[in-house]
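What follows draws every value from the coordinates through simple rules; no lab data is involved. All of these numbers come straight from a predicted model, not from anything done at the bench. So basically every Cβ, Gly included, is an ideal-geometry build from the backbone, and we count neighbours across all protein chains shown.
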Amino acid sequence: MFKGFSGVWTPVFPAWSIRGVPVATQLAGEPVVLFRDQDGQIGTLIDRCPHRGAALSHGRLTPEGRLECPFHGWQFDRTGNNCHVPLNPDAKRETLSAVALPTRVIGDLVWVFTASGPAPFEPSVPEGLSAPGLARTYVQRTWRCHWTRAMENMLDSPHLPFVHRRSIGKALRQQMTAHSKMEITWEDTDFGGRAKARMDGRDGGAFLEYYKPNLMALHIPIPGKHLRIHALVIPEQNDRTRIIICQSRDFARARPLNLLFSWMNRRIADEDQDVVESSGTNEVPPAQLEKSVATDRATLQFRKYYYSELRESQADQPH
Ligand code: FES
Ligand SMILES: [Fe+2]
């Protein structure tokens with residue numbers, strides 16, 4: 001299960017989007033279903049009934065907040081326990097569980113661990129996604145590409161004056177000359193790494209942080225204020241990636257401004273989509289198969305991590 005993306009925590013959805021009906025999605029090719037039980041707790045199950053394999057997400061939530069399989073009505077709680085096997089009062093329900101995945105709600109987001117059984121560690125969550133009291137806007141897009149391509153795009157600074165020449169890359173574009181030089185510094189951190197780009201020695205104070213495996217937090221410097229843009233890169237299938245852009249801020253909290261910020265973030269994501277999809281839908285190749293330069297430092301760090309730690313990962317299929 002979860003080949004190439006197993007044993008990691010990934011954000012999946014804003015928690016407020018899991019309400020009264022089961023929500024189906026895919027994580028690295030594995031169908032999963034999220035639902036909220038009677039106590040308001042969110043659970044994640046592999047979206048395959050252990051009986052005959054029907055999609056549990058096609059079933060319904062019972063008044064007790066259990067997920068009922070549409071085929072023969074077996075019922076499961078959010079931890080996968082079998083709570084009812086209709087017409088079979090003697091069934092050994094303790095041996096008929098569904099497969100549950102560790103699930104946490106942190107800030108507004110649901111995080112899921114891509115292997116069954118207890119998670120050996122907790123997710124690393126950037127402050128902008130976990131701290132209370134921040135205003136946040138969410139934009140969601142689906143790109144036809146392998147998630148590694150989208151992730152590299154989020155860590156790539158030298159594309160800003162080209163792809164985003166009319167938006168977030170406008171100032172860089174205006175400062176850039178034919179002789180300009182961009183320097184990228186990379187610092188390893190316990191959660192991943194921190195990259196800073198300086199052009200012609202100018203340091204605007206912005207930097208980005210990479211949270212393994214699939215999250216980028218861009219720190220935008222405004223004196224005395226918090227403004228961050230996070231890109232959550234969620235692998236659904238080999239050639240389909242869901243992107244959530246979340247902006248967090250501690251100013252301009254009025255709700256109508258959410259619309260404006262959402263529009264801006266959607267526009268920036270859409271500027272990226274075409275170039276990323278045009279690079280190919282398969283995973284990023286090993287570094288030696290492409291030509292790279294000094295400004296590729298951050299993306300090459302990601303690629304090194306992906307090829308050495310994640311690509312061959314695979315979780316056992318529980319029985
Ligand atoms: S397939 Fe789910 S109860 Fe039979
Ligand atoms: Fe971009």
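Key figures for this structure:
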| item | result |
| --- | --- |
| Segment THR95-ALA171, length gained on full extension (0.36 nm per residue, minus Cα span) | 21.2 nm |
| Chain lengthening between LYS181 and SER130 when straightened (0.36 nm per residue, less Cα-Cα) | 14.8 nm |
| Euclidean distance of C-alpha centroids, the range 12-59 and the range 81-103, integer Å | 16 |
| HN-Hα J in Hz across the range 195-204 - Karplus 6.51, -1.76, 1.60, θ = phi - 60°, x for Gly and Pro | 10, 10, 10, 10, 10, 6, x, 7, 10, x |
| Estimated FRET transfer efficiency (SER17, PHE71; beta-carbon r; R0 22 Å; 0.05) | 0.25 |
| Calculated Rg and Dmax of the chain using C-alpha coordinates, Å | 21.4, 79 |
| DSSP-assigned coil residues among GluC sites (Glu not before Pro) in the range 218-319, each with at most 15 further Cβ atoms within 10 Å | GLU290, GLU312 |
| Other-chain or far-sequence residues with amide H under 5 Å of THR44's (modelled H) | LEU101 |
| Exposed chymotrypsin sites (Phe, Trp or Tyr not before Pro) absent - longest run of the chain, DSSP non-H/G/I/E/B, at most 13 other C-beta within 10 Å | 122-250 |
| The chain - mean residue ellipticity at 222 nm from DSSP helices (-39,500 (n - 2.57) per run, n ≥ 4, rounded to 500) | -5000 deg cm²/dmol |
| Listed residue pairs exceeding 31 Å between alpha carbons, taken from LYS196/LYS225; LYS225/LYS304; LYS92/LYS212; LYS3/LYS225; LYS181/LYS225; LYS3/LYS291 | LYS225/LYS304; LYS92/LYS212; LYS3/LYS225 |
| Two-decimal log10 I(q)/I(0) for the range 1-106, as the Debye equation yields it once each C-alpha is a single scatterer, q = 0.24 Å⁻¹ | -1.37 |
| Relative contact order for the chain, counting Cα pairs under 8 Å that sit 6 or more residues apart, in percent | 20 |
| For the range 101-143, the spread of Cα positions along each principal axis, largest first, Å | 34, 29, 12 |
| Calculated FRET efficiency for the pair GLU277/ASN88, C-beta based, R₀ 51 Å, to 0.05 | 0.55 |
| Computed over the range 128-275, Cα set: Rg, Dmax in Å | 15.3, 45 |
